[in-house]
Every structure is written in structure tokens, then in C-alpha cells.
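All remarks here apply to the structure that follows.
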Amino acid sequence: MKVAIAGAGKVGRFLAEDLAENGHEVQLLDSNEDLVAVLPPIEGVRYVTADACEVSSLKAARFDEMDVVVATTGDDEDNLVISQLAKQEFAVPRVLARVNHPKNHWLFNEMWGVDVAVSTPQLLAALVEEAVSVGMLVRLLQFDGGHTRLMEVTLDADSPVIGTEFGAVVLPRGAAVVALVREGHVVVPRSDSPLDVGDEVVLLVSAQCADDEIRSVLLQGS
């Protein structure tokens, strides 16, 4: 897979090294010539001195050949511009962008070419909630321009589906169970497997399905 990463800060460098170690073809772009000049070589990573907000620079970097573009700069405006250019000018199939300021998260959507927006504070908040919130619906991740989200609920004793066979649980349209975590292990439930207190149900949910619809099925009694 060909990946272009815009922003050679700590996040960009770590991501580039990790992807290269997994066998991907990576190029790391940054407009700071002095920074690029002193970066230690990473096997499988090509350094490019370029302004990723300029179409000409992205053409020279052959963005039209990229499978994935990741905007990881420390500036939200730059990340939005990079994402929009990657998607609209070069039709990159998958564009990911770093959100530096949580209040800007709403901007990172398909209108700006962003398929997945990653906000560290929001991820941490979701993980905190996931760790302590039994009987609550927790949003873990949002992607596909905000049209799809990954959610998790830990069933408590008041859940109406406790004791119900997995195959008998009817979720609202647009929601599907992608994993079931039981006692710290991911399990593949059979249709006749009963749900139990403490089961963590991980769901993939589309925009057409409201959170309240899921709560009415899994958490109505809580």
C-alpha cells in the first residue's frame, strides 16, 4: 500500500516508521527543509521537502498514486486543506486527518475530503467512558465523514436482553454487532448463545440509526 503522510513531527514520524515496518511504501512530507535535512533515515520511508497545501507539490509527490493520505500537521487549517486537495484533486481513496483542537472536529467531514478524523482528546474521553460506564452507550470512533460510528455498550443487570439468545436480538436498521467481548476476550457468539451481564457489545452504526434506537433495545431497562 502506498501511503503519504503530511507533517514530519513526532506523530508523522512514528506513523511513517510503523507503517514502513509493516511493509507499506511510505513517503513523509514536510515544508521545513531544515527539519527534513536532519531526520534520521527510516528504511522504507522516503522524505520529501514540500508544502502539502500546494497542488504543485502534491503533483510532484505523485499523490495520484497514493492509496492513503494522512494529514498529521499541528495546524488544523493545514490538515483540512491537505485532506481536501488529496480527495478532490487527486481522488485518493482514503484520507485521514489529525484534529488538534477538539472544537474543530465538526469541520473534519466529507466536505473537506476527510474519511476519518482522529482527535486524541475525544479518543481518550471515549476510552475513559468505556472503562467506567456499564449500562451506557459509548461512542468510540467516528469515520466515513461522520456517517458511520463505532459504539460500545457493556450490558448491566437491568438490560432487557440479558438471558436472550444472541440470534434473537433485533437491532434497529443501520446497526450491526461486529464483536462481543466477554471476560476480556473477543468471542464469536452462536445464535443460541445467551447474553450475560458484563458482556461488551461493539456495534457498527450508520447515520440512519439514532443512538436512542440502540438504547431502546439494549438499555431500555437501565
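No value in this document is a laboratory result; all are computed from the given coordinates. On a predicted model such as this, the values are computed, not experimentally measured, just so you know. Every residue, glycine among them, receives a Cβ derived from its backbone with ideal geometry; neighbour counts consider all protein chains shown.
Structural remarks
- For the chain: Kirkwood Rh in Å [reciprocal of mean 1/r, alpha carbons]: 19.3 Å
- Computed from Cα positions, the angle between helix 10-21 and the longest principal axis of the chain comes to roughly 80 degrees.
- Placing +1 on the Cβ of every Lys and Arg and -1 on the Cβ of every Asp and Glu, with no other charges, gives segment 2-118 a dipole of roughly 180 debye about its Cα centre.
- For segment 171-222, averaging the sequence separation of C-alpha pairs within contact (under 8 Å, six or more residues apart) and dividing by the residue count gives a relative contact order of 47 percent.
- Using alpha carbons only: equivalent-ellipsoid semi-axes of segment 133-218, gyration tensor based, whole Å: 20, 13, 13
- Footprinting exposure proxy for LEU35, LEU204 (fewest neighbouring C-beta atoms within 10 Å first): LEU35, LEU204
- Projecting the Cα atoms of THR120, LEU28, VAL70 onto the dipole axis of segment 1-129, where Lys and Arg carry +1 and Asp and Glu carry -1 at the beta carbon, places THR120 farthest toward the positive end.
- Cα-based helix-to-principal-axis angle, 120-132 vs the chain, degrees rounded to 10: 20 degrees
- Between amide H atoms placed 1.01 Å from N, distances below 5 Å from ARG46 occur with VAL26, GLN27, LEU28, all of them 5 or more places distant or on a separate chain.
- In plain terms, the residue of HIS147, HIS185 with the fewest other Cβ atoms within 10 Å comes first and the most crowded comes last, giving HIS185, HIS147.
- Given charges at beta-carbon only (K, R positive; D, E negative), |dipole| of the chain in Debye: 240 debye
- The angle separating the long axis of helix 76-88 from the principal Cα axis of greatest extent in the chain is about 90 degrees.
- Beta bridges assigned by DSSP with both partners in the chain are antiparallel in approximately 50 percent of cases.
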